[in-house]
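Contents: one structure, followed by commentary.
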Amino acid sequence: MRIHGRHYRTIFPAEDGAGVSIIDQTKLPFAFEIARLSTVEEAATAIRDMQVRGAPLIGATAAYGIALAMDADASDEALAQAVRVLGATRPTAVNLHWALSRVENRLAPLSGRERVRAAWTEAEAICDEDVEQNHAIGANGARLLAEIHAKTGRTVNVLTHCNAGWLATVDWGTALSPIYQAHDAGIPVHVYVDETRPRNQGAALTAYELGAHGVPHTVVVDNAGGHLMQHGKVDICFVGSDRTTASGDVCNKIGTYLKALAARDNDVPFYVTLPVTTIDWSLDDGLAEIPIEERSAREVTNLVGIDEDGAVHDVRVVAPGSPAANPAFDVTPARLVAGLVTERGICPASREGIAGLYPDYTRSA
Ligand code: MRU
């Protein structure tokens, strides 16, 4: 996406050839900083500390992490260790394991010398494919927005949760890609952006992205969605996913499930946008089988912000001594999902619907 007068991807080989460049998302929305990853350990830390985040981008970073590891040591032991270290960073987004398996399988039969080049090539291919898939998701989802506009003749109001925009992927995003493409095509769109506590990815990142692209939007507290839907202010919900089962259960940022419940009660179509790399073909029951990341209680007890002078403040907002829990994701059962918007088209959130779009994938894929 264009930002500060030039086109950026969220991750790319460093222009001076030394390592990998990322947009440091812990600095947004107040500062746009490019950080350098030089080692596999730095790649793992960037994922764990959420300098990069969002399921597809976590996968892309892991792939580059393997390339950085191979630069230092292309032995079998180093490859296995890199997969272990990167695989232990965040448990929920399946794109991480998908990317690690893809690169590991590609490198395993190769000699050490061949591995270095192949790892970089594979990481770049993963990124290029991600951009292509997200663009196609956008084209498919934009048709839904165009249909609503054609029917109502007015601005289409979308509600989104967390950040599933270009910052969460290599480019374009999943949930925001249809919004960008509809907006660019002249369809009037307005987005209600859930702030997305505790880390505020909506308020900080989605609002930043939409503002930079000129898309009209309003940030709302996480609890406002139900009220807005009851009053007819939301035409459609678009969210992303960190892992979707082969049966259509959707895991996404904590709070997504509550929005889906409110959407169902108010007849608002609730769509999930995702690339094939987010489908976990081995799982049937999202609630029972998807591992939910539990993050630090400090993300709940404290708020981090910046004052007019640029000074960062980290302040406690929870009563001293009260414990806090921080499950980072929840699962929305397939029955609450109006459809899955993928790079291949839109399908029902069901085993049959997904198999219809992806007949070439099997349980073991
Ligand atoms: O904890 P995060 O910020 O990595 O969570 C991100 C989300 O939940 C996104 O909605 C999801 O990864 C889809 S990104 C296209």
Query raised in the report: Does segment 160-168 contain at least one residue that is of a type outside the set (D, E, K, R), more than 22 Å from ALA262 (Cβ to Cβ) and more than 10 Å from the ligand (Cβ to nearest atom)?
Result: no
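Return yes or no: is LEU258 out of contact with any helix residue (DSSP H, G or I) (no Cβ under 7 Å at 6 or more places or on another chain), more than 15 Å from the ligand (Cβ to nearest atom), modelled with pLDDT of 95 or more and part of a helix (DSSP H, G or I)?
On the way: out of contact with any helix residue (DSSP H, G or I) (no Cβ under 7 Å at 6 or more places or on another chain): yes; more than 15 Å from the ligand (Cβ to nearest atom): no; modelled with pLDDT of 95 or more: yes; part of a helix (DSSP H, G or I): yes.
For LEU258, the condition - out of contact with any helix residue (DSSP H, G or I) (no Cβ under 7 Å at 6 or more places or on another chain), more than 15 Å from the ligand (Cβ to nearest atom), modelled with pLDDT of 95 or more and part of a helix (DSSP H, G or I) - is not met.
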Query raised in the report: Can you find even one residue in segment 282-294 that is among the polar types (S, T, N, Q), closer than 28 Å to PHE238 by Cβ and at pLDDT 95 or above?
Result: yes
Report task. From (1) in a helix (DSSP H, G or I); (2) aliphatic (A, V, I, L, M); (3) within 12 Å of the ligand (Cβ to nearest atom), pick out the condition that doesn't hold for ALA212. Result -> (3)
Report task. For segment 180-188, indicate whether the set of residues that are in contact with a Gly (Cβ under 6 Å, 6 or more places away or on another chain) and either surrounded by fewer than 22 Cβ atoms within 10 Å (Cβ to Cβ) or touching a residue at least 40 places away in the same chain (Cβ under 8 Å) (or both) is non-empty. Result -> yes
Query raised in the report: Of the residues that make up segment 355-364, is at least one exposed (fewer than 15 other Cβ atoms within 10 Å of the Cβ) and under 30 Å from GLN230 (Cα atoms)?
Result: no
Report task. Name the helices (runs of 4 or more DSSP H) wholly inside segment 1-116 in which the number of residues that are touching a Cys at 6+ places or on another chain (Cβ under 8 Å) and within 16 Å of the ligand (Cβ to nearest atom) is 1 or more. Result -> 55-72
Query raised in the report: Residues of segment 275-322 being of a type in the set (Val, Ile, Thr), assigned to a loop (DSSP other than H, G, I, E, B) and either closer than 30 Å to GLY345 by Cβ or within 16 Å of the ligand (Cβ to nearest atom) (or both), which ones?
Result: ILE290, ILE292
Report summary line: If we ask which residues in segment 194-207 are away from the ligand (no atom under 12 Å from the Cβ) and either buried (at least 24 other Cβ atoms within 10 Å of the Cβ) or without any contact (Cβ under 8 Å) to a residue 12 or more places away in the chain (or both), their number turns out to be 0
**Report entry** Residue pairs meeting the criteria (Cβ under 6 Å; at least 6 apart or on separate chains; first within 17 Å of LEU28 (Cβ to Cβ), in segment 149-171; second within 9 Å of the ligand (Cβ to nearest atom) and among the charged types (D, E, K, R))
**Finding:** CYS162/LYS253
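The values are calculated or read from the model by the stated rules, or taken from the named source; none is laboratory data. Source: prediction; values computed, not measured. Neighbour counts are summed over all protein chains in view; Cβ atoms, including those assigned to glycine, are modelled from backbone coordinates with ideal geometry.
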